[in-house]
1. Scan segment 3-24 and give yes if some residue there is under 18 Å from residue 197 (Cα atoms), assigned to a loop (DSSP other than H, G, I, E, B) and out of contact with any strand residue (DSSP E or B) (no Cβ under 9 Å at 6 or more places or on another chain), otherwise no.
2. Restricting attention to segment 196-210, report how many residues are closer than 16 Å to residue 3 by Cβ and either modelled with pLDDT under 95 or out of contact with any strand residue (DSSP E or B) (no Cβ under 6 Å at 6 or more places or on another chain) (or both).
3. Would you mind finding the one in 31, 73 that is in contact with a helix residue (DSSP H, G or I) (Cβ under 9 Å, 6 or more places away or on another chain) and exposed (fewer than 15 other Cβ atoms within 10 Å of the Cβ)?
4. Take segment 5-27 and flag every residue that is closer than 20 Å to residue 105 by Cα and either under 13 Å from the mean Cα position of the chain (by Cα) or at pLDDT below 95 (or both).
5. Taking segment 102-114 on its own, how many of its residues are part of a helix (DSSP H, G or I) and either out of contact with any strand residue (DSSP E or B) (no Cβ under 8 Å at 6 or more places or on another chain) or under 17 Å from residue 49 (Cα atoms) (or both)?
6. For residue 125, are the conditions met, namely being at negative phi, out of contact with any helix residue (DSSP H, G or I) (no Cβ under 8 Å at 6 or more places or on another chain) and in a loop (DSSP other than H, G, I, E, B)?
7. Check segment 215-230 and report whether any residue there is closer than 24 Å to residue 30 by Cβ, in contact with a strand residue (DSSP E or B) (Cβ under 9 Å, 6 or more places away or on another chain), part of a loop (DSSP other than H, G, I, E, B) and in contact (Cβ under 8 Å) with a residue 60 or more places away in the chain.
8. Answer yes if at least one residue in segment 163-174 is out of contact with any helix residue (DSSP H, G or I) (no Cβ under 7 Å at 6 or more places or on another chain), in a strand (DSSP E or B) and more than 30 Å from residue 31 (Cα to Cα), and no otherwise.
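The values are calculated or read from the model by the stated rules, or taken from the named source; none is laboratory data. Because the structure is a prediction, the values reported are computed rather than measured. Positions of Cβ are backbone-derived with ideal geometry, glycine not excepted, and every protein chain shown enters the neighbour counts.
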């Protein structure tokens with residue numbers, strides 16, 4: 001199995017949430033498909049270098065139609081965003097605009113929350129911003145956080161993670177804590193649309209010790225929630241899929 005199949009991302013709308021490699025995951029998936037649409041419902045750092053073109057437009061549907069007319073069945077990845085906020089990032093669309101992209105028979109990748117470059121997070125009351133037509137929600141956490149203290153240096157929204165896990169700031173994060181957040185209806189499963197599948201992704205599994213840690217997290221997830229499988233990966237590697245559990 002490859003990473004696209006493991007994340008059920010070859011067709012439909014795939015939203016990525018959490019922390020520890022959302023943009024790298026989107027890039028990895030887009031690179032492995034002939035044609036795709038890359039977009040966001042939240043702010044997204046500039047990503048022009050890893051798609052063929054970025055269309056800055058209030059109408060993403062029109063931009064995709066124009067791309068299809070221009071490139072046809074050729075290989076391309078099109079980025080669509082509504083506006084550039086500042087030099088280093090774009091704004092995202094309202095989720096209803098992403099719903100409109102379902103008219104195309106193309107895979108769509110959506111960054112649906114923010115994490116400020118941290119490796120673990122829980123959503124706030126306004127997150128995630130998931131389109132109704134989402135088919136798969138990939139909830140990400142980095143395996144690197146296990147053994148680290150619950151702190152703002154590595155965790156986004158420390159108070160929310162503390163509330164879900166019972167940890168206090170400064171406490172050591174365990175595999176069970178990561179699993180609790182990813183499996184929670186107020187964490188990695190928050191706002192999951194009807195009919196959508198959530199697939200946990202444990203990223204940055206870049207050595208045997210971290211693989212063992214990720215397997216512990218995966219076992220804890222399976223004890224808490226029914227998911228097809230948990231994906232272990234190193235998204236920066238040439239072959240990113242480590243295993244599915």
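1. yes
2. Here the count works out to 1.
3. 31
4. Listed by number, the residues that qualify are 7, 8, 9, 13, 14, 15, 16, 26, 27.
5. Of the residues in segment 102-114, 1 are part of a helix (DSSP H, G or I) and either out of contact with any strand residue (DSSP E or B) (no Cβ under 8 Å at 6 or more places or on another chain) or under 17 Å from residue 49 (Cα atoms) (or both).
6. Yes.
7. Yes - at least one qualifying residue is present in segment 215-230.
8. yes
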